[in-house]
Amino acid sequence: MNKTETLSRKLEQARLGGGQDRIDKQHAKGKLTARERVHLLLDPGSFEEVGALVIHRTTDFNMERQVFYGDGVITGYGTVEGRLVYVFAQDFTVFGGSLSETHAEKICKIMDMAVKTGAPLIGLNDSGGARIQEGVRSLGGYADIFYRNVQASGVIPQLSAIMGPCAGGAVYSPAMTDFTIMVENTSYMFVTGPNVVKTVTNEEVSSEDLGGASAHSTKSGVTHLTAANDVLCLQQLRRLLSYLPQNCEETPAAFPYELGTEIREQLNDLVPENPNQPYDMREVIKGIIDEDSFLEIHERYADNIVVGFARLAGRSIGIVANQPYSLAGVLDVESSKKAARFTRTCDCFNVPLLVLVDVPGFLPGTDQEWSGIITNGAKLLYALSEATVPRVTVITRKAYGGAYDVMNSKHIGADFNFAWPGAEIAVMGAKGASEIIFRKEIGAAQDQAAKLAEKEAEYAETFANPYRAAQRGFIDEVIYPQETRRKLIRAFATLENKVATRPKRKHGNIPL
């Protein structure tokens, strides 16, 4: 056999991973192979593999007899819509995708290359965890990856797809990346599996209930997006990447767009006259952004706040919006953490922020106080105060109490603050405020209900409108709802070259 034939044979072995029978079993579960995933993710013909002939080095437990080229992970680079990206895809047909010393070295190599060249990193995770035959060497490999995740954080976008089992140490690298997508029914993430849980706590739980896509998209918030299958997951990765720049030194690419009148009449009728009647803030978002451009993040987690990417006149923006349909749009522990994390991600990668406000305050109760609503609410306040990207706020209805301050008010550095004519900006609602301010007058009245109603109307006339705030310059302009899109396009255009400087320091100390 000549050298060319030897190379061809080795490359064919690398392509097959653990063998055709294991590939067939993977297909039977509705999963693609690691190599198929890479080629579907990247532009056709663009993938260049790195480290295809790497093999493990261990000789313990007769491991020298089990050698697979590539050692369970495919690494390399290619393009997505013509943009350079680096990618690794773990191969579950080789030792269950478990991480060895050389497996980790391959991943670390492309992570280093991604940072050096300023290109996004995409990880397709499908691993049973550390390769136990290698002991501490595999654990050290995980730590090498974790360290690089942290060094790359905020420098390049890091995207993780969970496309199979992801257990033990394997979960921490995705957790430190910017976005995580899980495939429904075939993927799960947990630090300790069902058997360990049963042994320690006597709880009976399945892998799906413990760490499946549904659990992590609704209960824990660990995953940002879910997909029904591998193909849709890879499509979501491509779409998500389109809203992000190559690195922290660049801005997201602008899509072609021709300006028109940009008046949206449908926005005039979205907010009900009854201040206690809910409406869907997603309809407001839909009326403001470019058609079909909204990509919601954490859609099923903490749904009293809506966050996601969209385009406005072809340019990428991040949106944080209270959702009156859920808990009246109040801020609580989960929604504050969700919005703070998204805010910081946008700020890392130069994505301007639009904040839509309809918030009656923070959720009261012992559960919230004991769960740390003070420090968790402070996370959102800190994140917005720290952000240097262009920031624009629109108050659609209520902005009460401390939540008014937190939701990107002018006082914490917002660039433009608009309000619709029906907006109410006050310490609290008219009823609660009247009961406190006019307590003696109401108590002395023969008809206390009528007196309370009278005082409510008086308070509302005085404070429950945007004009007092506008007189003080806290609101830049009171605008008609139909003009919101046009105003926002112009506001963000003026802020395109915004430069904000921070005090010299090592880093801030966000209230974790």
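The values are calculated or read from the model by the stated rules, or taken from the named source; none is laboratory data. If you're wondering where the values come from, they're calculated on a predicted model, not measured in any experiment. As a convention, Cβ positions derive from the backbone with ideal geometry for all residues, glycine included, and neighbour counts pool all protein chains shown.
Taking the condition in contact with a Ser or Thr (Cβ under 7 Å, 6 or more places away or on another chain) and under 20 Å from residue 94 (Cα atoms), does residue 169 pass? For residue 169, the condition - in contact with a Ser or Thr (Cβ under 7 Å, 6 or more places away or on another chain) and under 20 Å from residue 94 (Cα atoms) - is not met.
Let's see how each residue does on (1) closer than 20 Å to residue 94 by Cα; (2) surrounded by fewer than 24 Cβ atoms within 10 Å (Cβ to Cβ); (3) not hydrophobic (A, V, I, L, M, F, W, C):
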{"position": "123", "(1), (2), (3)": "yes, no, yes"}
{"position": "137", "(1), (2), (3)": "yes, yes, yes"}
{"position": "149", "(1), (2), (3)": "no, yes, yes"}
{"position": "177", "(1), (2), (3)": "no, yes, yes"}
{"position": "188", "(1), (2), (3)": "yes, no, yes"}
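One line per residue, one yes/no per condition, for (1) within 25 Å of residue 362 (Cα to Cα); (2) outside the structural domain of residue 355 (by TED's automatic domain parsing):
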residue: 410; (1), (2): yes, no
residue: 421; (1), (2): yes, no
residue: 446; (1), (2): no, yes
residue: 450; (1), (2): no, yes
residue: 457; (1), (2): yes, yes
residue: 475; (1), (2): yes, no
residue: 482; (1), (2): no, no
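A Cβ distance below 6 Å, combined with a sequence gap of six or more or placement on separate chains, defines the contacts here; from the stretch 177-197, residues that are over 28 Å from residue 241 (Cβ atoms) reach residues that are part of a loop (DSSP other than H, G, I, E, B) and not aliphatic (A, V, I, L, M) in the pairs 197/203. Just wondering, is there one or more residues in the stretch 356-368 that are touching a Pro at 6+ places or on another chain (Cβ under 7 Å), touching a residue at least 24 places away in the same chain (Cβ under 8 Å) and over 22 Å from residue 226 (Cα atoms)? There is at least one residue in the stretch 356-368 that is touching a Pro at 6+ places or on another chain (Cβ under 7 Å), touching a residue at least 24 places away in the same chain (Cβ under 8 Å) and over 22 Å from residue 226 (Cα atoms). Selection within the stretch 238-280: residues that are among the hydroxyl-bearing types (Ser, Thr, Tyr) and over 30 Å from residue 82 (Cβ atoms). The member of this set that is surrounded by the fewest Cβ atoms within 10 Å (Cβ to Cβ) is 261.
For the subset of the stretch 44-70 comprising residues that are of a type outside the set (Phe, Trp, Tyr) and either at pLDDT 80 or above or not assigned by TED's automatic domain parsing to the domain that holds residue 156 (or both), which member is surrounded by the most Cβ atoms within 10 Å (Cβ to Cβ)? Checked the stretch 44-70; the qualifying residue surrounded by the most Cβ atoms within 10 Å (Cβ to Cβ) is 51. For the stretch 265-285, the tally of residues that are in a loop (DSSP other than H, G, I, E, B) and under 29 Å from residue 349 (Cβ atoms) stands at 1. Which of the residues belonging to the stretch 453-487 are more than 28 Å from residue 270 (Cβ to Cβ) and crowded, with 18+ Cβ neighbours inside 10 Å? Matches in the stretch 453-487: 455 only. Pick from the stretch 319-331 the residues that are touching a Phe, Trp or Tyr at 6+ places or on another chain (Cβ under 9 Å) and without any contact (Cβ under 8 Å) to a residue 60 or more places away in the chain: which of them is farthest from residue 381 (Cα to Cα)? Among residues in the stretch 319-331 that are touching a Phe, Trp or Tyr at 6+ places or on another chain (Cβ under 9 Å) and without any contact (Cβ under 8 Å) to a residue 60 or more places away in the chain, the one farthest from residue 381 (Cα to Cα) is 325.
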